[in-house]
1. With the checklist (1) modelled with pLDDT of 80 or more; (2) not in a helix (DSSP H, G or I) in hand, flag the one item residue 481 doesn't pass.
2. Name the single residue, out of those in segment 290-334 being open to solvent by 10 Å² or more (accessible area, probe 1.4 Å) and among the charged types (D, E, K, R), that is nearest to residue 368 (Cα to Cα).
3. Mind checking which pairs have a first residue in segment 128-152 that is closer than 19 Å to residue 199 by Cα and open to solvent by less than 10 Å² (accessible area, probe 1.4 Å) and a second that is assigned to a loop (DSSP other than H, G, I, E, B) and not hydroxyl-bearing (Ser, Thr, Tyr), Cβ under 6 Å, 6 or more apart or different chains?
4. From (1) under 16 Å from residue 263 (Cα atoms); (2) assigned to a loop (DSSP other than H, G, I, E, B), pick out the condition that doesn't hold for residue 373.
5. State all residues of segment 156-181 that are more than 26 Å from residue 567 (Cβ to Cβ), surrounded by fewer than 20 Cβ atoms within 10 Å (Cβ to Cβ) and touching a helix residue (DSSP H, G or I) at 6+ places or on another chain (Cβ under 8 Å); if no residue qualifies, say none.
6. Take residues that are out of contact with any Asp or Glu (no Cβ under 9 Å at 6 or more places or on another chain), closer than 19 Å to residue 92 by Cα and in the same structural domain as residue 410 (by the TED database) and tell me which of the helices (runs of 4 or more DSSP H) falling wholly in segment 227-345 contain 1 or more.
7. Conditions first: (1) modelled with pLDDT under 85; (2) part of a helix (DSSP H, G or I); (3) closer than 17 Å to residue 352 by Cα; (4) open to solvent by 30 Å² or more (accessible area, probe 1.4 Å). Residue 457 passes all but one, so which condition is the exception?
8. If you go through segment 213-230, how many residues are farther than 12 Å from residue 285 by Cβ and in contact with a Leu (Cβ under 8 Å, 6 or more places away or on another chain)?
Amino acid sequence: MYLLIVFLPLLGSGVAGFFGRFLGSEGTAIITTTCVSFSSLFSFLAFYEVALGASACYLRIAPWISSEMFDASWGFLFDSPTVVMLIVVTSISSLVHLYSISYMEEDPHSPRFMSYLSIFTFFMPMLVTGDNSLQLFLGWEGVGLASYLLIHFWFTRLQADKAAIKAMPVNRVGDFGLAPGISGRFTLFQTVDFSTIFARASAPRNSWISCNMRLNAITLICILLLIGAVGKSAQIGSHTWSPDAMEGPTPVSASIHAATMVTAGVFMIARCSPLFEYPPTALIVITSAGATTSFLAATTGILQNDLKRVIAYSTCSQLGYMIFACGISNYSVSVFHLMNHAFFKALLFLSAGSVIHAMSDEQDMRKMGGLASSFPFTYAMMLMGSLSLIGFPFLTGFYSKDVILELAYTKYTISGNFAFWLGSLSVLFTSYYSFRSLFLTFLVPTNSFGRDIVRSHDAPIPMAIPSILLALGSLFVGYLAKDMMIGLGTNFWANSPFVLPKNEILAESEFAAPTITKLIPILFSTSGASVAYNVNPVADQFQRAFQTSTFCNRLYSFFNKRWFFDQVLNDFLVRSFLRFGYSVSFSALDKGAIEILGPYGISYTFRRLAERISQLQSGFVYHYAFAILLGLTLFVTFSRMWDSLSSWVDNRSSFILIVSPFFFDNNK
């Protein structure tokens with residue numbers, strides 16, 4: 001059963017990929033959805049056995065690589081974090097598959113799409129169940145490849161091409177950190193197996209002084225692993241690929257940003273918690289990166305006009321919360337928020353997809369408006385998802401987001417206070433752009449074309465069922481799972497995310513945090529909603545004044561252009577690398593040194609040598625007689641002096657030199 005959870009999506013993907021043209025769109029959709037749905041069902045059974053029954057399962061399948069001290073096997077580890085991630089991945093993915101049946105029914109290439117979606121689902125369980133670093137890296141790279149294929153699915157669209165080509169190298173930057181991190185772990189611990197590495201993590205290791213700071217090997221390895229997580233989980237610096245990934249079909253956006261790809265970095269940090277607990281420098285860096293990302297993404301989302309892009313920036317912001325929750329050593333709360341976030345974020349994306357699907361693929365919110373009467377069901381779903389996103393009391397997001405902020409406050413460190421205040425401000429901006437998107441899409445006077453309004457329709461049944469199930473998750477999962485997963489004294493995680501006793505602050509946040517601190521997120525979310533209402537549907541004069549003022553216009557451009565991150569990266573990094581690639585790598589090396597020392601240089605040298613030797617063939621007998629006499633003289637001299645030269649000359653090379661002229665073809 002445990003192996004079926006991992007390999008059923010691979011089976012569905014293979015059938016859809018190889019036999020899709022014979023099965024047709026409906027056949028491939030039924031097969032892939034059935035395989036992923038059974039995988040989801042088995043995940044719930046595994047959750048009951050492993051997490052609720054406190055019975056972790058380890059399966060060693062076969063040896064993979066065995067070379068002296070290096071040993072990596074095909075093994076699958078099912079513990080509490082793994083089964084929680086499996087439920088999230090397989091359940092969200094099965095609902096996305098069901099949604100895609102109706103969403104992609106008119107696309108002629110839907111079998112290929114369903115195959116890509118299933119292989120995407122396969123690589124994520126491969127990542128979370130791996131018991132060693134190499135297997136995790138296999139799933140990590142597979143998820144990146146599948147995301148490229150899905151973003152690039154509509155390959156005739158120029159923007160989809162650009163987004164996919166952008167996502168691939170940005171993720172490779174993260175892999176540039178993860179791969180040396182895995183190599184460093186093997187160098188330090190002589191193994192890639194998680195259990196052995198974690199058992200030896202507390203032992204003191206080598207350290208050195210660099211830039212007037214003492215660094216040890218564990219700190220360096222954790223920073224490298226963080227770089228990998230930053231690339232995959234769209235943190236500051238590498239976050240630019242995430243909003244551009246919206247060029248793919250909406251089910252792809254829901255799958256990437258809710259359950260699968262972007263959560264891989266958070267899970268990897270939680271899985272490697274025994275390593276991250278010991279270097280405090282690494283935890284401070286993680287906290288700062290996560291808090292900065294949550295603030296940056298939230299401020300960027302307030303002035304975006306693309307409906308899916310706004311939700312994508314909210315994903316980056318929520319991932320920042322998860323990362324800095326790991327930085328304050330509360331990995332269980334981070335995974336809990338990851339699970340809660342998956343439900344309401346998938347609901348938001350699928351609801352946005354219903355609007356876009358009905359509005360003739362229009363994604364600009366300024367060209368919508370007044371859709372609440374045409375889409376009452378979709379409006380209700382999106383309202384529930386937005387309320388859960390902003391942490392409305394007693395909805396799913398409230399039970400994890402507010403806990404993260406309370407934990408940051410009770411950390412009583414500079415990094416903890418930094419994360420708390422940036423996270424609290426992010427709540428304000430999150431509430432603003434969530435309600436702004438609702439107002440512009442559903443409530444303000446319509447700006448849509450008449451033909452779109454006439455042809456618009458609410459979500460059909462196959463698209464409505466996943467939304468209803470996700471709405472139930474967005475309402476009740478946080479309440480039902482809070483005490484089980486992050487309640488005081490719970491043994492749900494069974495020490496899998498390891499936390500040092502000095503970093504354990506959950507009880508302090510529960511009882512010692514001031515009441516006003518606990519109310520700050522609610523006050524900020526309420527303020528953001530009221531500001532959104534007063535600015536967008538009501539105050540046209542304020543908007544005109546905002547756009548005509550020079551300072552406000554520059555501020556608008558700053559946030560609308562995404563803090564100019566894309567421009568800065570293109571001007572200072574991408575162009576420099578492209579220039580280096582052409583002038584140095586291509587011109588100087590490929591077409592320069594390598595060509596001269598390689599095929600072109602060798603062929604040119606032998607051609608010139610052949611021309612010189614051919615000049616010796618003059619046709620005069622006395623020239624040949626002179627050559628024969630010279631050869632005989634050398635031969636006699638060499639034979640007479642053989643005794644003194646024999647110690648310096650190898651007989652075998654002499655034989656080869658003498659015999660080789662007889663094997664040359666003189667006719668060529």
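1. Status for residue 481: all satisfied but (2).
2. Applying the filter and picking the extreme gives 306.
3. 132/192; 133/192
4. (1)
5. Our first condition is that a residue be more than 26 Å from residue 567 (Cβ to Cβ); within segment 156-181, this holds for 156, 178-181.
Filter again for surrounded by fewer than 20 Cβ atoms within 10 Å (Cβ to Cβ), leaving 156, 179-180.
Correct list: 179, 180.
6. Numbers: elements: 241-244, 250-254, 264-271, 273-276, 280-301, 307-327.
Helices (runs of 4 or more DSSP H) meeting the threshold: 307-327.
7. If we test residue 457 against (1) modelled with pLDDT under 85; (2) part of a helix (DSSP H, G or I); (3) closer than 17 Å to residue 352 by Cα; (4) open to solvent by 30 Å² or more (accessible area, probe 1.4 Å), just (2) comes out false.
8. 4
The values are calculated or read from the model by the stated rules, or taken from the named source; none is laboratory data. Only a predicted model underlies this, so the values are computations on that prediction, with no experimental measurement involved. Ideal geometry is used to build each Cβ from the backbone, glycine not excepted, and the neighbour counts take in all protein chains shown. Note: accessible area is taken over every heavy atom of the protein model, side chains too, but ligands, DNA and RNA are not part of it. Shrake-Rupley method; radii C 1.70, N 1.55, O 1.52, S 1.80 Å.
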